[in-house]
Amino acid sequence: MAAKPKLYYFHGRGRMESIRWLLAAAGVEFEEEFLETREQYEKLQKDGCLLFGQVPLVEVDGMMLTQTRAILSLSCWSNGCFIRIDMYVDGTLDLMAMIMLAPFQRPEEKQETLASILQKAKTRYFPVFEKILKDHGEDFLVGNKFSWADIQMLEAILMVEELNASVLSDFPLLKAFKTRVSNIPTIKKFLQPGSQRKPPPDAHYVDLVSNILQF
Ligand SMILES: N[C@@H](CCC(=O)N[C@@H](CS)C(=O)NCC(=O)O)C(=O)O
């Protein structure tokens, strides 16, 4: 790591605090820019610094790193490939978490939530991954090698397609990516009926989980 990392966040703990702790504990000096106005946040978005439009953001060696867990897991602060895998995985996990939680909402809220998730997939998440594939022109998301990020991406695509089967019509590279990854033999097998892959949640599943976890 050549220069001091620069942290962009609010002047408070929030999601950045653990990152501050980690850097401090590792003896890494860092600079901070505190977000005090909406304009600062919008500028970061406009400049393409926020992968999924969210902070925390850490700038290090010209890389713009987002996703708290990914930044925290960068213990060596050196391997650009690993951090990119983590950023992509955390982004797809955020998207999938929204879909996972929707069935637990009241029926009158659920339709609105699902429409908003679909909108987010189309405007926040899928354009990012389409651009990544376009920019490097490779078969997989990171390092031209099949990784955890590709598996998560495929799972997220399939979940969003369950909300709207034609969601990939504006994302040709993601569509090709989906076909490519789905055809990896182990994944192809998992996608076959009778595998251990689980169906989308139904009313029975929602009742069961709600009863077990008591919410
Ligand atoms: N999974 C992300 C979540 C980040 C997140 O929710 N950040 C909030 C601020 S603490 C944000 O930027 N929200 C704006 C938005 O989602 O539009 C992470 O862990 O970094």
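The values are calculated or read from the model by the stated rules, or taken from the named source; none is laboratory data. Computed from a predicted model, the values in this text were never measured in an experiment. When we count neighbours, we look across all protein chains shown, and the Cβ atoms used for this are built from the backbone with ideal geometry, even at glycine.
Inside segment 15-31, can you point out the residues that are touching a residue at least 12 places away in the same chain (Cβ under 8 Å) and within 15 Å of the ligand (Cβ to nearest atom)?
Result: ARG15, MET16, SER18, ILE19, ARG20, LEU22.
Every residue, every condition in (1) at pLDDT 95 or above; (2) crowded, with 20+ Cβ neighbours inside 10 Å, yes or no:
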position	(1), (2)
CYS76	no, no
GLY80	no, no
ASN144	no, no
ILE157	yes, yes
SER166	yes, no
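All but one of (1) more than 15 Å from the ligand (Cβ to nearest atom); (2) surrounded by fewer than 17 Cβ atoms within 10 Å (Cβ to Cβ); (3) assigned by TED's automatic domain parsing to the domain that holds MET153 hold for LEU101; state the number of the condition that does not hold.
(1)
Being within 19 Å of the chain's Cα centre (by Cα) and surrounded by 11 or more Cβ atoms within 10 Å (Cβ to Cβ) narrows it down to one residue among PRO127, PRO172, PRO201; which is it? Break it down stepwise before answering.
Working: PRO172 fails: within 19 Å of the chain's Cα centre (by Cα); PRO201 fails: within 19 Å of the chain's Cα centre (by Cα).
Exactly one of PRO127, PRO172, PRO201 is within 19 Å of the chain's Cα centre (by Cα) and surrounded by 11 or more Cβ atoms within 10 Å (Cβ to Cβ), namely PRO127.
From the list ARG84, ARG124, which residue is out of contact with any Lys or Arg (no Cβ under 9 Å at 6 or more places or on another chain), within 16 Å of the ligand (Cβ to nearest atom) and modelled with pLDDT under 90?
Numbers: ARG124 fails: modelled with pLDDT under 90.
Selected residue: ARG84, the only one of ARG84, ARG124 that is out of contact with any Lys or Arg (no Cβ under 9 Å at 6 or more places or on another chain), within 16 Å of the ligand (Cβ to nearest atom) and modelled with pLDDT under 90.
Consider THR37 against the criteria (1) modelled with pLDDT under 90; (2) of a type in the set (S, T, N, Q); (3) away from the ligand (no atom under 13 Å from the Cβ): it satisfies all of them except one. Which criterion is unmet?
It fails just one condition, (1).
LEU168 passes all but one of (1) in a loop (DSSP other than H, G, I, E, B); (2) under 24 Å from GLN119 (Cα atoms); which number fails?
For LEU168, the exception is condition (1).
So in segment 1-38, with the set limited to residues that are of a type in the set (Asp, Glu) and part of a loop (DSSP other than H, G, I, E, B), which one is farthest from ALA70 (Cα to Cα)? It would help to see each step written out before you state the result.
Of the residues in segment 1-38, the ones of a type in the set (Asp, Glu) are 17, 29, 31-33, 36.
Now narrow it down to the ones that are part of a loop (DSSP other than H, G, I, E, B): 29, 36.
Details: GLU29: 19, GLU36: 25 Å.
Among residues in segment 1-38 that are of a type in the set (Asp, Glu) and part of a loop (DSSP other than H, G, I, E, B), the one farthest from ALA70 (Cα to Cα) is GLU36.
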